[in-house]
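The next block holds one structure in the form of structure tokens; read it before the comments.
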Amino acid sequence: APGGDARVPGRLRIVQIALLAFSRDELPDAEEIQMLVDDEPEPVGWLASADTYIDPGCRIDAGSQTKHHITDAQVKGAPSIADCADVIMEWTSPRDGRQVYLVGYNLRKYDVPALAAELRRVDRADVAEHIEGLPLIDAMLVRRANEQPFTLEGSVLRYGLPAMKDAHHAGADCLATLAVVAAQAECGHLRDVKDAIALGTAAQPTPKGALDSQGKLRWVDDAAPEDGVPTPDNVVLCFGKHTGKTLRDAGPGFGKWVCGKDFDDDVKAAIRTAFGATAARW
């Protein structure tokens with residue numbers, strides 16, 4: 001659950017984190033999960049869970065409080081993201097020969113980059129790189145491969161699950177995501193784990209000179225400046241009607257339009273940085 005300005009990587013802060021682990025084999029400190037088969041309970045696996053508030057080290061902005069209903073008072077005295085780094089590593093590391101998959105909803109585009117940015121901010125790049133290297137099953141991408149729309153609440157209803165009562169609470173979102181993935185497997189949308197992981201894997205490496213993971217923006221002459229800071233004059237557009245133009249030539253109106261559309265966060269962040277104060281409300 002974000003607490004800072006999630007549009008700007010340098011200001012993003014996490015204020016709550018939840019971890020759920022499911023395995024067909026017994027997990028330490030986990031509860032056995034059963035389902036009814038012919039009116040008889042049958043074990044299907046083991047589930048362990050933990051969630052906590054996180055002290056973001058800054059005030060939680062009003063927009064986040066409105067969305068997640070988490071206040072500064074609630075996170076007071078909570079552990080920091082640095083305090084949780086080793087726990088995150090432990091929960092997501094293979095043990096006893098198990099393969100670990102990272103499961104979430106829109107996690108390739110949001111949760112993984114957000115968590116990695118926070119970990120790097122507290123000098124835990126080792127955990128950030130570990131998280132980024134795990135195979136992903138992104139329930140939103142699985143659904144996108146089959147049909148629309150793609151919100152978590154919409155997917156919960158689409159797969160015949162009870163409506164969410166506590167949407168945007170980290171623990172409730174985690175549990176709903178696992179339920180959606182299970183329902184996707186049951187109805188045949190998630191037919192193979194490898195296919196699901198492939199949906200969350202980048203199709204090609206970042207192009208030379210690119211500012212973002214998809215190569216929508218490129219440095220002028222493919223050469224990043226020494227300070228690495230985007231400006232209207234050192235960034236070239238590689239898509240749309242302004243392909244080949246600098247951000248200055250395309251104009252702030254086009255930049256604002258991009259920031260209001262479904263482009264990746266790293267594209268929007270670079271454009272906002274380039275236009276500075278002009279982009280404060282984009």
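The values are calculated or read from the model by the stated rules, or taken from the named source; none is laboratory data. The structure presented is a predicted model; accordingly, all values stated were derived computationally and were not measured. Note: ideal-geometry Cβ built from the backbone for every residue, glycine included; neighbour counts use all protein chains shown. Heads up: the accessible areas ignore ligands, DNA and RNA and are worked out on the full protein's heavy atoms, side chains in. Shrake-Rupley method; radii C 1.70, N 1.55, O 1.52, S 1.80 Å.
Taking θ as phi - 60° and the Karplus parameters 6.51, -1.76 and 1.60, the scalar couplings of region 97-113 work out to x, 7, 8, 10, 10, 8, 10, x, 10, 6, 6, 5, 8, 10, 4, 5, x Hz in sequence order, x denoting glycine and proline.
Pop the C-beta distance of Asp221 and Asp86 into the FRET formula with R0 = 41 Å and round what comes out to the nearest 0.05. Before the final figure, lay out each step's value.
Numbers: r = 43 Å, r/R0 = 1.05.
Efficiency computed from Cβ-Cβ geometry: 0.45.
In order along region 227-237, the Karplus-derived 3J(HN,Hα) couplings, from 6.51 cos²θ - 1.76 cosθ + 1.60 at θ = phi - 60°, round to 7, x, 9, x, 9, x, 9, 10, 10, 10, 7 Hz, and Gly and Pro are given as x.
Where does the charge balance sit around Ala182 when Lys and Arg score +1, Asp and Glu -1, over other residues with C-beta under 14 Å from its C-beta? Walk me through the intermediate numbers first.
On the way: positive: Arg24, Arg143, Arg158, Arg191; negative: Glu186.
Every neighbour counted, the sum reads +3.
Build a GNM of the chain with springs between Cα atoms under 10 Å apart, and of Ala21, Ala196, Ala62 the one that fluctuates most is Ala62.
What net charge do the residues around Val103 carry, taking every other residue with its C-beta under 12 Å from that of Val103, with Lys and Arg at +1 and Asp and Glu at -1? Present the calculation step by step, with values, prior to reporting the outcome.
Values: positive: Arg108; negative: Asp111, Asp138, Asp173.
Local net charge: -2.
What net charge is computed for the residues neighbouring Leu27, neighbours being all others with C-beta under 14 Å from the C-beta of Leu27, Lys and Arg scored +1, Asp and Glu -1?
Values: positive: Arg24, Arg95, Arg98; negative: Asp25, Glu26, Asp29, Glu31, Glu32, Glu90, Asp96.
Local charge sum for Leu27: -4.
With a probe of 1.4 Å, find how much accessible area the chain has per residue, and write the answer as a whole number in Å².
Numbers: 15930 Å² over 282 residues.
Ligands and nucleic acids excluded, the result is 56 Å² per residue.
Projecting label points 7 angstrom from Cα along Cα→Cβ for Ala163 and Arg120 puts them 4.1 nm apart. Counting only protein heavy atoms, what percent of the accessible surface of region 87-244 is carbon or sulfur at a 1.4 Å probe? Using a 1.4 Å probe with all protein chains present, region 87-244 comes out at 52 percent carbon and sulfur. The number of Lys pairs in region 185-282 with C-alpha atoms less than 20 Å apart, excluding pairs fewer than 8 positions apart on the same chain, is 15.
A Gaussian network model of the chain, with springs between Cα atoms under 10 Å, assigns the largest mean-square fluctuation among Asp266, Asp126, Asp111 to Asp126.
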